[in-house]
Amino acid sequence: MVIFLIAGHETTSELLLFILYYLLKNLHALQKVHAEVDQYTEITVDTSNQLKYTQDCLV
């Protein structure tokens, strides 16, 4: 996630669009990400480190 903050805004938006496109093409992966994120009421730095499947999708 730190890389996204340092990168330029165009490349970051293109990367996020690319990730969203492929998650929508693979609904099983999207459901797993959604279920993992739903486990937490608040996303913080500490909880974001526990989102292993979501991080795998972003990398």
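Quick note: the coordinates plus some simple rules give every number you see, no bench work behind them. Not measured: the values here are computed from a predicted model. Using ideal geometry, Cβ is built from the backbone for each residue, glycine included, and neighbour counts are taken over all protein chains shown.
So, by mean Cβ neighbours within 10 angstrom, what's the order for 44-50, 18-24 with the highest one leading? Provide the component values of the computation, followed by the final result.
Details: 44-50: 10.6, 18-24: 12.1.
Order by mean packing, descending: 18-24, 44-50.
Can you tell me how much longer the chain between Ser13 and Val37 gets when fully stretched, taken as 0.36 nm per residue apart minus their C-alpha distance, in nm with one decimal?
On the way: separation 24, 0.36 × 24 = 8.64 nm, distance 2.09 nm.
Extending this stretch completely gives an extra 6.6 nm.
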